[in-house]
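These notes concern the structure reproduced below.
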């Protein structure tokens, strides 16, 4: 049942000890990587039309402290391939992972630029009357089996690491999503720690409730959980950034591997400027995956768009196979975000 938690201890070590040259995993990173300073809180606390024409991609420049910062020369920033609204212009197709850690997803295998080019090719059959917008969903807050110095069971990628991914995304006019596996931290706390990136027009978030652990829970032993109200906090925060910085629509994905990981989903409300997508992460052969998709979507709010996740490893174990784009597009509701891990 807990296929991905079973991999936890393996990938935590891989991510934080990988030192390969092509990898944006920080040199010298350890299992107790120091997180950015964030306020403490406790879990459980409470569009207009746009032009479809592509605009010049913004570029990264250096700030006075020498770190990477994303800037744009537009008065009104747009999405990577033009316009300010995500749907119905685009269908999103993405790869997940962290470079250098193959157990975390497709982005963990081989050179980053090569993986993004591969993603663009894989995404083409999903257009189905829309434009394709590639997505790099990098695991920015990484859950761990060990508690670390702060007891939160998670560490974060550095700004330098995230800058590498954003440059790769912009080279290919792709969207960057910062995936958050909070451990014993909280989604809102983690999202706020990436504010300098979330103020950019082409950066969103992906929230992973199965890794949101209660006190006493250890990642890898059981699925975690969250509530619609907790997701709503992050959505409200993103909406505030969109309004303050005059950003195009901001994507907020939340992953759901089973019904139990998201409770009282009705607590997630619509927010101006935020596009919400539920990615159903069922594992295994096509039959069980489709059934999970059907069951989990029974509670999806009307303002939330459909997403579907495919696993190169877990879905093809034994004599099984990966679902085809035609099969995925035949699902009801039709997915508007398809992600490969």
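Observations, loosely collected:
- Ascending count of other beta-carbon atoms within 10 Å, so fewest first, for 234, 226, 109, 324: 324, 109, 234, 226
- Where only alpha carbons of region 146-298 are counted, the Rg and the Dmax (Å): 15.9, 45
- Cα extents of region 239-341 along the three principal axes, largest first (Å): 51, 26, 21
- Cα centroid separation, region 101-168 to region 214-233: 22 Å.
- Size estimate for region 213-285 follows the Kirkwood approach: the inverse of mean 1/r over distinct Cα pairs works out to 13.6 Å.
- Cβ crowding within 10 Å, taken as a proxy for footprinting-reagent exposure, orders 193, 155, 319 from fewest neighbours to most as 319, 193, 155.
- Between residue 319 and residue 131, the modelled label-to-label distance comes to 4.5 nm, taking each label 7 Å out from Cα in the direction of the beta carbon.
- Nitroxide proxy distance, nm - points 7 Å out along Cα→Cβ at residue 121 and residue 302: 4.3 nm
- In whole percents, the pair-distance distribution calculated for region 85-340 from its alpha-carbon pairs, binned every 5 Å from zero, is 1, 6, 14, 18, 22, 19, 13, 5, 1, 0, 0.
- Cβ crowding within 10 Å, taken as a proxy for footprinting-reagent exposure, orders 293, 223, 90 from fewest neighbours to most as 223, 293, 90.
Only the coordinates and a few stated rules stand behind these numbers; no lab work does. Bear in mind that the values here come from a model prediction, so they are computed numbers and not experimental data. A quick note on method: Cβ atoms are made from the backbone with ideal geometry, for glycine too, and the neighbour counts reach across all protein chains shown.
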